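Colleague: There's a structure below that I have some questions on.
The values are calculated or read from the model by the stated rules, or taken from the named source; none is laboratory data. On a predicted model such as this, the values are computed, not experimentally measured, just so you know. Cβ sites come from the backbone with ideal geometry, for glycine too, and all protein chains shown count toward neighbours. These area figures cover heavy atoms from the full protein model, side chains too; ligands, DNA and RNA do not enter into them. Shrake-Rupley method; radii C 1.70, N 1.55, O 1.52, S 1.80 Å.
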Amino acid sequence: MNLKYLLITLTGLFVNAATAQQRNLIDPLATKETKALFKNLYKLSEKHTLFGHQHATEYGHGWSGEANRSDVKSVVGSHPAVIGIDLSEMSGLPEAQIEKTKEHLRKNVIDTYNRGGVTTVAWHFSNPVSPGGFYWVDSVSLPAVKYIIPGGKEHAKYVKILNDVADWAKSLKAADGKLVPVIFRPYHEFDGDWFWWGKSHCTVDEFKALWKFTVSYLRDTAGVHNFIYAFSPDNQFNSEQEYLARFPGNEWVDMLGTDNYGDMGRYGKYNLDAAINKLRIVSAYAQKNGKLAAFTETGLESLSNPNWWNDVLLKVMKSDKIRMSYVLVWRNDTKSATHFYAPYPGHPNIPDFQKFYDDPYTLFEKDLKAIYK
């Protein structure tokens, strides 16, 4: 073997080793199943994207709390591959209500795992130091981030809330005795101003401190080892530099995402080139840093475009140099005639959604095989 060939071979081995090393989760003690989910999502994203729907199995258009039901399953025969839940009721309520919420969400997560599906966890976290809920309300909201990070006067209160989150995470024991992995996506859309953790309500350093403390406390202090940590701004960026403006660093994030309704048809406005560019930015950064990437929220309220699934969503997702592990659309409200993002029985959008379902690129729950092994 000549020296040049040897050097090329060794370089290739070092590059492959570095890439493999980069693909590790940020938690070195992550459970075997959590590592497997990370690895399999990464592999599947080479040729596919898992389809997700928020609150899909908790409720839907005109119904709530029915076992093994979702609007998506009623339409195409399979649940979404990714089910979105929310920890919004895990704080700011009486202890009895919090315990009830824990049990409700625990069952949902375990049921999804037992069927072979994946859970992603959002956190519409009610302001822990003032009224106003999770939204920013000018007349009442306080900029809570500076109060709850280390050194803040309400830090102990935040630690207590995180202990409840940790206790719940460590209670997710499935029928096979395994701890169920979930994708944990706190403090989303932080580049907007509508949430109390938004960019106008905390500094860059305060937001990074909040993120780092949250991860380090759950992982290193509370012993949570079944979380994949997802970072997902809204669509307020047009470059990698803008995307990373509040990024805490690769050692604190497993998954890169973005929420984007604004370029995908909201209020009748479409800018698919912008949507594609933003997903490419996310995908490229994820790939070069060994991270997962996902289209963490999108959708068209009321599905007024009869061809939205294929002419808009699939067109964007299938664009060159985009590699997303999943795409999630928002919820179907139980009572509202207009607030829904996935078709339900009888909706005129069904033929387009069926075509979307049939496309080999999209994966639903029935398509997943041993994703935790």
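Colleague: Among A81, P94, V109, which residue has its Cα furthest toward the positive end of the charge dipole of segment 62-110, with +1 on Lys/Arg Cβ and -1 on Asp/Glu Cβ?
Modeller: A81
Colleague: Next question. For S216 and E240, calculate 0.36 nm times their separation in residues minus their Cα-Cα distance, and state this gained length in nm to one decimal.
Modeller: 6.1 nm
Colleague: Okay, which of segment 188-222 sit inside 18 Å, backbone N to the point 7 Å along the Cα-Cβ direction of Y135?
Modeller: In segment 188-222, the label zone of Y135 (backbone N under 18 Å from the point 7 Å along Cα→Cβ) covers 188-201.
Colleague: Turning to a different aspect of this structure: Rounded, prolate or oblate, given the Cα gyration tensor of segment 327-373, with a/c below 1.5 counting as rounded?
Modeller: Note, shape of segment 327-373 comes out oblate.
Colleague: Which of L29, S45, P128 sits closest to the plus end of the dipole of the chain, meaning its Cα is farthest towards the positive end, when Lys and Arg get +1 and Asp and Glu get -1 on the C-beta?
Modeller: The one lying farthest along the dipole's positive direction is L29.
Colleague: Would you please give the FRET efficiency between N114 and K269, computed as 1/(1 + (r/R0)^6) with r the Cβ-Cβ distance and R0 = 30 Å, to the nearest 0.05? Provide the component values of the computation, followed by the final result.
Modeller: Working: r = 41 Å, r/R0 = 1.36.
My answer for the efficiency is 0.15.
Colleague: Can I ask one more? Among N235, N260, N289, which one moves the most in a GNM of the chain with springs linking Cα atoms closer than 10 Å?
Modeller: Highest fluctuation of the listed residues: N289.
Colleague: May I ask you to give the solvent-accessible area per residue for segment 233-373, in square angstrom, as obtained with a 1.4 angstrom probe?
Modeller: Result: 41 Å² per residue.
Colleague: Using helices alone, what [θ] at 222 nm do you get for the chain, with -39,500 (n - 2.57) per DSSP H run of 4 or more residues, divided over all residues and rounded to the nearest 500?
Modeller: -10000 deg cm²/dmol
Colleague: Another question, then. For the chain, with all protein chains present and a 1.4 Å probe, just round the carbon and sulfur fraction of the accessible area to a whole percent.
Modeller: Of all accessible area on the chain, carbon and sulfur atoms account for 53 percent.
Colleague: Let me ask something else about it. Taking 30 Å as R0, compute the FRET efficiency from the Cβ-Cβ separation of E89 and K32 and round it to 0.05.
Modeller: That pair, E89 with K32, gives E of 0.50.
Colleague: If you don't mind, there's one more thing I want to ask. Which residue, D234, D138, D311, tops the fluctuation ranking in a GNM of the chain built on C-alpha contacts under 10 Å?
Modeller: Its mean-square fluctuation being the largest, the pick is D138.
Colleague: Separate question: Can you send over the solvent-accessible area of H61, 1.4 Å probe, protein chains only, in Å² to the nearest 10?
Modeller: Ignoring ligands and nucleic acids, H61 comes out at about 50 Å².
Colleague: Please report how far the C-alpha centroid of segment 342-356 lies from that of segment 259-307, rounded to the nearest whole angstrom.
Modeller: Centre-to-centre distance over Cα atoms comes out at 20 Å.
Colleague: Grab the Cα-Cα distance for D176 and E66, subtract it from 0.36 nm times how many residues apart they are, and report the gain in nm with one decimal.
Modeller: Value of the extension gain: 37.2 nm.
Colleague: Specify whether the C-alpha gyration tensor of segment 38-116 places it in the rounded, prolate or oblate class, a ≥ b ≥ c being the square roots of the eigenvalues: rounded for a/c under 1.5, otherwise prolate if a/b is larger than b/c and oblate if not.
Modeller: oblate
Colleague: May I ask you to give the solvent-accessible area per residue for segment 78-155, in square angstrom, as obtained with a 1.4 angstrom probe?
Modeller: Value for segment 78-155: 41 Å² per residue.
Colleague: Let me know the charge dipole size of the chain about its Cα centre in debye, to the nearest 20, where only the beta-carbon of Lys, Arg (+1) and Asp, Glu (-1) is charged.
Modeller: 1160 debye
Colleague: With each label point set 7 Å from Cα along the Cα-Cβ vector, what nm distance links Y361 and S319?
Modeller: 1.2 nm
Colleague: While we're here: So which helices of the chain fit the span-like rule, where a helix is a whole DSSP H run, its Cα atoms reach 27 Å or more along the axis, and its mean Kyte-Doolittle is at least 0.0? Spell out each step's value before the answer.
Modeller: Working: long enough: 3-22 (28 Å, 0.89); 95-115 (30 Å, -1.54).
Result, helices passing both filters: 3-22.
Colleague: Hey, another quick one. For segment 270-350, how many pairs of lysine residues have a Cα-Cα distance under 23 Å, where the two are 8 or more positions apart or belong to different chains?
Modeller: Close lysine pairs found across segment 270-350: 9.
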